[in-house]
Amino acid sequence: MPLHPLIEDVTARIIDRSAPRRRTYLERMRQAAAEGPRRAHLTCGNQAHAYAAMGGDKNTLTDERSPNLGIVTAYNDMLSAHQPFEGYPDVIRAAVRKVGATAQVAGGVPAMCDGVTQGQVGMELSLFSRDVIALAAGVALSHNTYDAAVYLGVCDKIVPGLIIAAGTFGYIPGLFIPAGPMTSGLPNDEKAKVRQKFAAGEIGRDELMKAEMASYHGPGTCTFYGTANSNQMLMEFMGLHLPGTSFVNPGTPLREALTEYAAQRAVCITALGNEYTPVCDVLDERAFVNAMVGLMATGGSTNLVLHLPAMARAAGVDITLEDFDAISSVVPLMAKVYPNGLADVNHFHAAGGLAYMIGDLLDAGLLHEDVTTVSGKGLSAYASEPTLKDGTVAWAPGPRESQNDRILRPATDPFQPTGGLRQMAGNLGHGMMKISAVAPERHVVEAPARIFETQEAVKEAFKAGEFTSDTVVVVRFQGPKANGMPELHSLTPTLAVLQDRGLKVALVTDGRMSGASGKVPSAIHVSPEALDGGPLAKLRDGDLVRVDATAGVLEVKAEDFDSRTAATPDLSGNGHGVGRELFEVFRQTVGPASSGAGVVV
């Protein structure tokens, strides 16, 4: 199938816009690659330090003819999605020894769990952790002893941070190895109902805790389709995972076999082999277009609208909010996975998953097939799925029909004809809305505004019974310069209760919502942020605000709006406590949300 004209046009615009930056980037990568294997430039003393603890691998390391992999790991016990990575280094080292190579843990990177920090002060460090991860991975790889890197990371800021580092070290190959989702627990819709009952004061904390523990119950990624699982989808659409590996559960024979296979594949794509595949060749303009297509087709996380531009800039590619909006206009929503459906990612995978979706989108002309991937083949290889036969991994064609059309549908008969994200623009700034989980009758809300400067104040007003009519809730001074742009996910149950009471409610904020944001229309990432001259700082209680996802309009109707004096927030408490002191330089130098809220790129 020929490529869809709009996908072709958006790709051409990105290539043209990116040309100067991309050209300089590739020149630097080619120059670094031309210098040959990195270890050849180390002195004997340098190498002795690097290999001192490597025991029986020392002779292999010093011959400089056998590839050495650098493992960058985000393992910790606190983050369920990353707990399975504990044993991966041993598996990887053993696997590559079988093919005459070596592997070393190059370094660890931090990995926050947004589920733990949700609604807590620690969430104010969450977005900036992406840049810390990129910096930490850069330190790990700076030792210059690796012929390829394998990246162990799954969740919200971890994969984007690792991609930024991988792009920066784009002259060496890089392969991402997933850990997989936990098995299904309490259904997500039941968990959401319990949360709403607790927000309304109908049940106690003991019942809430019981439901939460039944939902998040074991190793692996949380099973809703939030940012973590959206990241895993991206890695396949961008060709950085091996095909079909994202949603294989931890602790299974297939999962371990895939980890071994991935490690050995990383050896094959080094410059010391015959299939040299540097990251700079994988992360091109077409890969990022494919990523945006996947985001729309699956109804993925709004957080990726922040992360993808930052990831792209690390590879010399410039993408904009307009690119997301244009792609969303032609890519159908093919999946219904919680929060825009009842199924979880395990159900999605069983229904055909990414293999079915990629194959169908290729047939529809909505993806670039002719891309470089770590598999050594084009994107059509990702329409296959792995199997385990007599202990050996093999790939077979994925399903050509959905196994459950309540979860996964073809592009010709989608859940809705356009993607799950909508650009919002008007005299209140630029923002985005995830509409895939919002009922069509709620796409337009025009109502008086209530202005808040913390999410706690919103919840206090709710408990006091102050919301009795249609309302646009505005939570401002939540952008990256103000307080690190925390997610405001804890507002979702509160606003959902108001909606269920029959009120028309919308949220407008320069902050973020979770990748699991649900049925309440939410214009988020509004830029410029209120602290940086953004119009939200001029809003007042009672202003008539229109949030129109159909037309993509975000505006206030007030004749004197432009002449008003902007509000001045009290941010004296934002700079200390729970490590916030350490991030002052980040708040001072961060870029706008519209270009990825980046610090290091």
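Could you calculate the contour length gain from C44 to E190, that is, 0.36 nm times the residue separation minus the distance between their Cα atoms, to one decimal place in nm?
Full extension of this stretch gives 46.5 nm more.
Give me the distance between the Cα centres of region 331-365 and region 284-324, rounded to whole Å.
18 Å
In square nanometres, what is the average projected area of the Cα convex hull of region 71-117? Don't jump to the answer; show the numbers that get you there.
Details: hull surface 13.1 nm².
In nm², the orientation-averaged hull projection of region 71-117 is 3.3.
Which three extents, in angstrom, do the Cα atoms of region 12-144 have along their principal axes, listed largest first?
Principal-axis extents of the Cα atoms in region 12-144, largest first: 52, 44, 27 Å.
Which order do peptides 377-384, 544-551, 409-416 fall in by mean Cβ count within 10 Å, highest first? Mind showing how you got there, number by number?
On the way: 377-384: 20.8, 544-551: 18.9, 409-416: 17.1.
Ranked from most to least packed, the peptides come out as 377-384, 544-551, 409-416.
Can you tell me what the convex hull of the Cα atoms of region 421-595 projects to on average, as an area in nm²? The partial results should precede the final answer.
Working: hull surface 39.5 nm².
For region 421-595, averaging the hull's shadow over all directions gives 9.9 nm².
I'd like the projected area of region 149-205, averaged over all directions, using the convex hull of its alpha carbons. Report it in nm² with one decimal.
Working: hull surface 23.1 nm².
The number I arrive at for region 149-205 is 5.8 nm².
Taking only Cα atoms of region 1-56, what ratio of Rg to Rh do you get with Rh as the Kirkwood inverse-distance radius?
Numbers: Rg = 20.9 Å, Rh = 15.4 Å.
Rg divided by Rh gives 1.36.
Under a crude label model (7 Å from the Cα following the beta-carbon direction), how far is D206 from E441 in nanometres?
Here the modelled spin labels are 3.9 nm apart.
Once you have the Kirkwood Rh of region 328-432 from its Cα pairs, apply Stokes-Einstein at 10 °C and 1.306 mPa s and quote D in µm²/s.
It comes out at roughly 104 µm²/s.
Tally Lys and Arg at +1 and Asp and Glu at -1 over the other residues with C-beta under 13 Å from the C-beta of N303: what net charge comes out?
Details: positive: R130, K157, K434, R512; negative: D114, D156, E487.
For residues surrounding N303, the net value is +1.
Per-residue ellipticity at 222 nm for the chain, helices alone: DSSP H runs ≥ 4 residues times -39500 (n - 2.57), over residue total, nearest 500 deg cm²/dmol? Display every interim value, and only then the final one.
Working: 21 runs with 218 residues, N = 601.
My calculation for the chain gives -11000 deg cm²/dmol from helical runs alone.
Among all lysine pairs in region 421-595 that are eight or more places apart or on different chains, how many have alpha carbons less than 21 angstrom apart?
Step by step, the pairs that qualify in region 421-595 add up to 10.
May I ask for the net charge around V330, where only other residues with Cβ less than 13 Å from the Cβ of V330 are counted and Lys, Arg are +1 while Asp, Glu are -1? Display every interim value, and only then the final one.
Numbers: positive: none; negative: E8, D9, D323, D325.
Computed value for this residue: -4.
Using only the Cα atoms, work out Rg/Rh for region 151-263, with Rh taken as the Kirkwood radius, to two decimals.
Working: Rg = 17.1 Å, Rh = 15.7 Å.
On the Cα set of region 151-263, Rg over Rh gives 1.09.
Once each part is reduced to its C-alpha centroid, what is the distance from region 72-97 to region 132-159 in angstrom?
13 Å
Rounded to whole Å and ordered largest first, report the semi-axes of the equivalent ellipsoid of the chain derived from its Cα gyration tensor (root of 5λ). Kindly include the intermediate steps, with their values, before the conclusion.
Details: eigenvalues 316, 132, 113 Å².
After scaling each eigenvalue by five and taking roots: 40, 26, 24 Å.
Here, each number is a calculation from the coordinates, and none is a lab measurement. Worth saying up front: this structure is predicted, and the values here are computed from it rather than measured. Note that we place each Cβ from the backbone using ideal geometry, even for glycine, and neighbour counts take in every protein chain shown.
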